[in-house]
1. Return the pairs, sorted by first residue and then second, in which the second residue is of a type in the set (Lys, Arg) and assigned to a helix (DSSP H, G or I), the first residue lies in region 213-235 and is touching a residue at least 24 places away in the same chain (Cβ under 8 Å), the beta carbons are less than 6 Å apart, and the residues are 6+ apart or on different chains.
2. Out of all the residues in region 204-216, is one or more under 20 Å from LEU58 (Cα atoms), surrounded by 15 or more Cβ atoms within 10 Å (Cβ to Cβ) and of a type in the set (Ser, Thr, Tyr)?
3. Collect the residues in region 103-129 that are within 17 Å of TYR54 (Cβ to Cβ) and either among the β-branched types (Val, Ile, Thr) or touching a strand residue (DSSP E or B) at 6+ places or on another chain (Cβ under 6 Å) (or both), keeping them in residue-number order.
4. Could you tell me how many of the residues in region 385-404 are under 18 Å from TYR303 (Cβ atoms) and not hydroxyl-bearing (Ser, Thr, Tyr)?
5. Mind counting the residues in region 311-357 that are among the hydrophobic types (A, V, I, L, M, F, W, C), in a helix (DSSP H, G or I) and under 20 Å from the mean Cα position of the chain (by Cα)?
6. Please go through region 402-426 and give me each residue that is β-branched (Val, Ile, Thr), under 15 Å from the mean Cα position of the chain (by Cα) and not in a loop (DSSP other than H, G, I, E, B), ordered by number.
7. With the requirement that a residue be under 30 Å from ILE343 (Cβ atoms) and either touching a Lys or Arg at 6+ places or on another chain (Cβ under 8 Å) or at pLDDT below 95 (or both), what does region 169-191 give you?
8. Step by step: first the residues of region 396-413, then only those that are in contact with a Leu (Cβ under 7 Å, 6 or more places away or on another chain) and among the hydrophobic types (A, V, I, L, M, F, W, C), then the one that is surrounded by the most Cβ atoms within 10 Å (Cβ to Cβ). Which residue is that?
Amino acid sequence: MKIVVTFLLFFVSTALYASNAHRSLNRACIENGRIICGIETIKRYQLENNIVHYEMVLSVGDGLYDKIGLHRIVKEKRSGRPIKSADAVMMVHGDAYGFGSFISSIDSQIVSHDHSIAIQMAASGIDVWGIDARWVKVPDDTPNLDFMANWGLDVNLRDLDVAINVARNIRRLKGNVNNKLNLLGWSRGGQLGYLYLAMETQRSKFVRNIKTFVPVDILLKTDDEAIRQSACLYSSILQEQIDSGKQYDDSGLILKSIAFLAQNYPDETSPVLEGLTNKQAVLVALTATYLTVPPGASYTSWYHYNGGQFDETGLPIGLTFSNLDYINEFARGAAPYEPARLIREATDLTCNTNAELDKHLKAISVPMLYVYSAGGFGKTGLYTAQLTASKDVSSFGVKTLPDDLAALDFAHVDLFTANDANKLVWQRIIRWIKNH
């Protein structure tokens, strides 16, 4: 009976907390007298060492899937009372993965629960926020994805603006100093970060939301003609796909499937990559990602997710920097679908000159830290940062091999999953944010 009563008290207190939080935070969805969203749900999860995870679903339109996720990872001084912090960051994910890519360790059976950048940031006293783009919320079994036809860069930037404003409003309502946010964008999220900052240059300095920017392993503009041509080819392939009626990219669904098979049936023949086992198939997708896209359409000729080890025949046999079992867990958290239009429009910006965007990029003046992996975008991403007006641009990368072995080196996903990522990457980002 005591256990039942305790459970009921916990359930009632949790329900009351959610209800009260829901009511008190409705004001966070009001910006300049205009309702910008509706808070549908709020959940609170206790993690370790007084760190909690708040997860919200925000309605941002009238459609069934017009919803975004908003996450907060923060220390609490007592239940329901986050610490006050002058340092806060909004994290923007890339293709295939939502905010879960920044906190993938919390449910892991393989690595320690604090082996995620968001957990490490929160442990250092940073107030961590993150978005799930609306496409992350679309279920695997959605029968018709035609609604994604309109989900281009404009929609994603508008949703990001909502998430950033709600995060700042909640911080203000809960007594934090009304400081601007640091912005961290990984991969496609880094491109969205540049575009968001370009958009902010058209606002008064007094109402801008971002004070620094950390683009992670990405470029938006390039002075490398081979990369530009790759972007042009990829953009044209995506446009042909859209014209044929397929409005979505399902790479996330394929990656989830490959990872599931590798976890559960590693030695059986792969139904995805002919002639390979399921374990070999997932290793090819991770370590030789440049081979899984149409010829000439890879972001860089050496681009891959995780640095790998290969046998004398050229087949991958393992990972060098990350734990394969953990990566399979990580991959199974991928979102199944992403709007093809979003990817095509972003890729087209790398392919083509855009006078208006170029003008706004040159007006960006916030401090920047470009973080890269030698096996991902490498130093090629530094060019975009150097196009801006920022007088404070720095960079660091993880490189363990000579340039001609970049296809084997520390890579795009290793930045967030590697065994030593906390030391090699996360703590360096944390120190930079705290010093700015």
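1. THR222/ARG228; SER235/ARG344
2. Taking every residue of region 204-216 in turn, none turns out to be under 20 Å from LEU58 (Cα atoms), surrounded by 15 or more Cβ atoms within 10 Å (Cβ to Cβ) and of a type in the set (Ser, Thr, Tyr).
3. ILE103, ILE106, ALA118, ILE119, MET121, ALA122, ILE126, ASP127, VAL128, TRP129, listed by residue number.
4. The qualifying residues number 7.
5. Step one: of region 311-357, the residues among the hydrophobic types (A, V, I, L, M, F, W, C) are 315, 317, 319, 321, 324, 327, 330-331, 334-335, 340, 342-343, 346, 349, 351, 355, 357.
Filter again for in a helix (DSSP H, G or I), leaving 324, 327, 330-331, 340, 342-343, 346, 349, 351, 355, 357.
Now drop any that are not under 20 Å from the mean Cα position of the chain (by Cα), which leaves 327, 330-331, 340, 342-343, 346, 349.
Total meeting the criteria: 8.
6. THR417
7. LYS180, LEU181, ASN182
8. Among them, the one singled out is VAL398.
The values are calculated or read from the model by the stated rules, or taken from the named source; none is laboratory data. The shown structure was predicted, so the numbers you read here are calculated from the model rather than taken from an experiment. Positions of Cβ are generated from backbone atoms using ideal geometry, with glycine treated the same way; all protein chains shown enter the neighbour counts.
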